[in-house]
1. Once amide H atoms are built 1.01 Å from N in the peptide plane, which residues 5 or more positions from Tyr112, or in another chain, come under 5 Å H to H?
2. Applying the Karplus parametrisation 6.51 cos²θ - 1.76 cosθ + 1.60 with θ = phi - 60° to the phi angles of the stretch 62-72, what ³J(HN,Hα) value in whole Hz is obtained for each residue in order, glycine and proline being reported as x?
3. For the chain, which whole-number percentage of the solvent-accessible area (1.4 Å probe, protein heavy atoms only) is attributable to carbon and sulfur atoms?
4. Please say if the chain is rounded, prolate or oblate, where rounded means a/c under 1.5 for a ≥ b ≥ c the square roots of the C-alpha gyration tensor eigenvalues, and otherwise the choice is prolate for a/b larger than b/c and oblate otherwise?
5. Counting Lys +1, Arg +1, Asp -1, Glu -1, what net charge surrounds Gln100 among other residues with beta carbon under 11 Å of its beta carbon?
6. What lysines does Lys65 reach when the alpha-carbon gap must be under 23 Å and sequence neighbours fewer than 8 apart in one chain are set aside?
7. Leaving out ligands and nucleic acids, note down the accessible area per residue over the stretch 12-123 with a 1.4 angstrom probe, in whole Å².
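The values are calculated or read from the model by the stated rules, or taken from the named source; none is laboratory data. No experiment lies behind these values; they were computed from the predicted model shown. A quick note on method: Cβ atoms are made from the backbone with ideal geometry, for glycine too, and the neighbour counts reach across all protein chains shown. Heads up: the accessible areas ignore ligands, DNA and RNA and are worked out on the full protein's heavy atoms, side chains in. Shrake-Rupley method; radii C 1.70, N 1.55, O 1.52, S 1.80 Å.
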Amino acid sequence: QVQLAESGGGLVQAGDSLRLSCAVSGRTFRNYAMGWFRQFPGKEREFVAAITWSGGNTYYAESVKGRFTASRDNAKNTVYLQMNSLKPEDTAVYYCAALQSGAYYIADNYDYWGQGTQVTVSS
């Protein structure tokens, strides 16, 4: 089993920054690519960002490209999502997830999920 725990969400103003963290415990962290998804009320989870197990490759949704940065520290078993220039439309619950194989942008491919952290951006 793999356990994931997000932290770092909160209430900020438009233009501000937040850094989300996702601490991973259980099986070997470096076996997994890691993804970030977000969910708006009444909607399906949507892909935000992903990072390969080595951290050598990152992928982003068009809506966050240039503003969000995914990174990971395998020594600390932690993955991060740095969110800059936040907009009210970024308001959502953000989830981290662990992926062993499959397309990184498809939520159903992920093997383990955190509980989510709320990010609220006021205008």
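1. Ala98
2. Each residue of the stretch 62-72 in turn: 4, 5, 10, 4, x, 10, 10, 9, 9, 8, 8 Hz.
3. Values: 2770 of 6200 Å².
About 45 percent, which is the carbon plus sulfur part of the accessible surface.
4. Details: a/c = 1.66, a/b = 1.58, b/c = 1.05.
Verdict is prolate for the chain.
5. Numbers: positive: Arg27; negative: Asp111.
Taking every Cβ under 11 Å from that of Gln100, the sum is 0.
6. Within the straight-line cut-off, Lys65 pairs with Lys43, Lys87.
7. Numbers: 5610 Å² over 112 residues.
That works out to 50 Å² per residue.
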